Amino acid sequence: MPINVQSATEDHSIRFHQYHLEDMGRVPVRKFCEVEDREVRTDESGKGYQLTKEQVIPISDDELRDLPLPTAKAIEIEASSDHEEGGGH
């Protein structure tokens, strides 16, 4: 018997961008470093987990992808074609 398990939640949120009302030009979000008080390029920023007020642990996208979070992945199990064709158990 084929089984298909999927996440029970979906993201239905609406996302908006910021625009300059006078000419509808897109207003980008600028990232600033709090320590150096300067704008930071995308390639200079990353993710981290704040362990304490003074200590942040950096985490890469690869490390995030490998975390065993139960809600991060859907499981899909299907019977082999033998079972579907009646040739198996």
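Some observations on this one:
- Sparsely packed loop sites in the stretch 6-39 (the GluC sites (Glu not before Pro) outside DSSP H, G, I, E and B with at most 16 other Cβ atoms within 10 Å) comprise 10, 22, 34, 36.
- At q = 0.28 Å⁻¹, base-10 log of I(q)/I(0) for the stretch 19-71 (Debye sum, equal scatterers on each alpha carbon): -1.13
Bear in mind these aren't lab numbers, they're just calculated from the coordinates by the rules spelled out. Just so you know, these numbers come straight off a predicted model, no measurement behind them. Please note: Cβ atoms are built from the backbone with ideal geometry, for glycine as well, and neighbour counts cover all protein chains shown.
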